[in-house]
Amino acid sequence: MVVDLFAAEIEKNGGVADINIEHHTTKFATNVISRLCFGDNYSAGDEIFSKHKVLGDITSKIGTINALFPLMKYVPTKDNRESRMSEKEIQALILKVVNESKQVGNQKTIILQLIFEGAKDIGLDQAASNRYIVDNCRNIYAAGFETTAVTATWTLMLLAINPEWQTRAREEVQEICQGQMPDADMIQKKKVLTMVIYESLRLYPPAPLISRESFEDLKFGNINNPKGLNVWTMFLTLHYDQDIWGPDAHDFKPERFANGISGSCKHPHVSLPFGASACICLGQHFAMSELKILLSLLLSNFSFSLSPKYRDSLVLTVTFRPEHGVNLTMRKL
C-alpha cells in the first residue's frame, strides 16, 4: 500500500523523505485498474502496463507524423516496428489473462464478464471476438490508469505549493473520515477535495484535446465545417482563457468550483475534464472516487511540500505529465 511505502521511506530517512511521487501514483492506479479488469490475475497488469508505457512513448514521438501522413505508419522505421511489436505483445498478454479467466470460470471480474457477453451477443467469429475483447480491455486499462495517476500527481504538487488548501483538504478529510478508511458516503461529502481535484484538472488536464468529427455540413459564424472534418478542441487554450475564467485564470483557485463544474466560469461547457453529453467519460465517477480515496489517505497520514529537486517541465506523451516526475518533501503526521 502506498501509505506504508511512504511511511517506511520517511522512517528510514529519519522523519523526512524526498519522494518522487509519480512512480507511486502510477503504481497505485495500475494496481486498481488491473484488479478491476483482471481480478485474481491482477499481477499480469504490471507486465501489460510496462508494454503499454513503451507503446505510449513511441506513439508520442510518431503519432502526429502518422496522423498527418497516414502512409508513414507502413514505412518499416525502428519506431514503427517497435510499435507493432508492442501492440502484438499487449494483445497476447490480454488474451492470455482472458483465456485463463474463462478456463477457471472466474466470475469476480464484472468488467470481463460484460465484455465476454458483448462479444457473444454481437455474434462475432473467433478472430473478431478476440479483437473486440482486447480492444475493450485496452481502452479501459489505458483510460483507467494513466489519466488518474497523472491527475493525482499534479494535485499533490498543487497542494504542496498551496499549503493553505492542503490544510483545508486535510481538515475536511479528518472531520469526515475520523481516522477510518473512506467509504462511499464519506467520498460524497468531500466538497473541498472535489474542488481541489477539479481545479487541478483545469490547470493540468490529462488529455491535451478532444476531437469530434462532423457528421454533416455545419457552420459556426463565418466558419464552414464540412462533413467528415475533425475538429480539435485544445483544453489548455480553453482552461487558461482570461475572457472565460477571469484575470486570475493562471492561478490555483479551487473555490471556482464551489458550485460544481457548470458554475465554475462564464460558460457551462468550457471545463470538460470528463467530456460531455453522449461522449462523457464512462469512468468519471470511478476515477473521482479513486482520486479521493488516494488523496484522503495521503492527507490524513502525511504533510508535504515541494522539494528543491523538483524541476518544472511539462511533457506530452499519451497525457500531459511532469517530464521529471514530482519530488515532494514528506513528513509523517
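The values are calculated or read from the model by the stated rules, or taken from the named source; none is laboratory data. Computed from a prediction, not measured in an experiment: that's the story for all the values here. A quick note on method: Cβ atoms are made from the backbone with ideal geometry, for glycine too, and the neighbour counts reach across all protein chains shown.
Summary table
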quantity: Residue that is nearest to Gln242 (Cα to Cα) [pool: residues in the stretch 176-204 that are crowded, with 22+ Cβ neighbours inside 10 Å and among the basic types (Lys, Arg)]; calculated: Arg202
quantity: Test result for Val196, at pLDDT 95 or above and touching a Pro at 6+ places or on another chain (Cβ under 6 Å); calculated: yes
quantity: Residue match in the stretch 208-225 (condition: in contact with a Gly (Cβ under 9 Å, 6 or more places away or on another chain), surrounded by 12 or more Cβ atoms within 10 Å (Cβ to Cβ) and touching a residue at least 60 places away in the same chain (Cβ under 8 Å)); calculated: yes
quantity: Which listed residue is touching a residue at least 24 places away in the same chain (Cβ under 8 Å) and within 30 Å of Ile176 (Cα to Cα), from Gly275, Gly260; calculated: Gly275
quantity: Unmet criterion (only one of (1) crowded, with 23+ Cβ neighbours inside 10 Å; (2) among the hydrophobic types (A, V, I, L, M, F, W, C); (3) over 20 Å from the mean Cα position of the chain (by Cα)) for Ile122; calculated: (1)
quantity: Criterion violated by Phe286 - all others in (1) at pLDDT 85 or above; (2) within 22 Å of His23 (Cβ to Cβ); (3) of a type outside the set (Val, Ile, Thr) satisfied; calculated: (2)
quantity: Matching residues, the stretch 200-233, being more than 18 Å from Ala149 (Cα to Cα) and small (Gly, Ala, Ser); calculated: Ser211, Ser214, Gly221, Gly228
quantity: Segments classed as helices (runs of 4 or more DSSP H), wholly inside the stretch 1-112, with at least 1 members that are surrounded by 13 or more Cβ atoms within 10 Å (Cβ to Cβ) and modelled with pLDDT of 85 or more; calculated: 2-12, 21-38, 78-103
quantity: When residues of the stretch 125-158 are limited to those that are among the β-branched types (Val, Ile, Thr) and free of Cβ contacts under 8 Å to residues at least 60 places away in the same chain, the one surrounded by the fewest Cβ atoms within 10 Å (Cβ to Cβ); calculated: Val134
quantity: Selection status of Leu282, crowded, with 18+ Cβ neighbours inside 10 Å and of a type in the set (A, V, I, L, M, F, W, C); calculated: no
quantity: Test: residue in the stretch 291-300 that is surrounded by fewer than 21 Cβ atoms within 10 Å (Cβ to Cβ) and free of Cβ contacts under 8 Å to residues at least 24 places away in the same chain; calculated: no
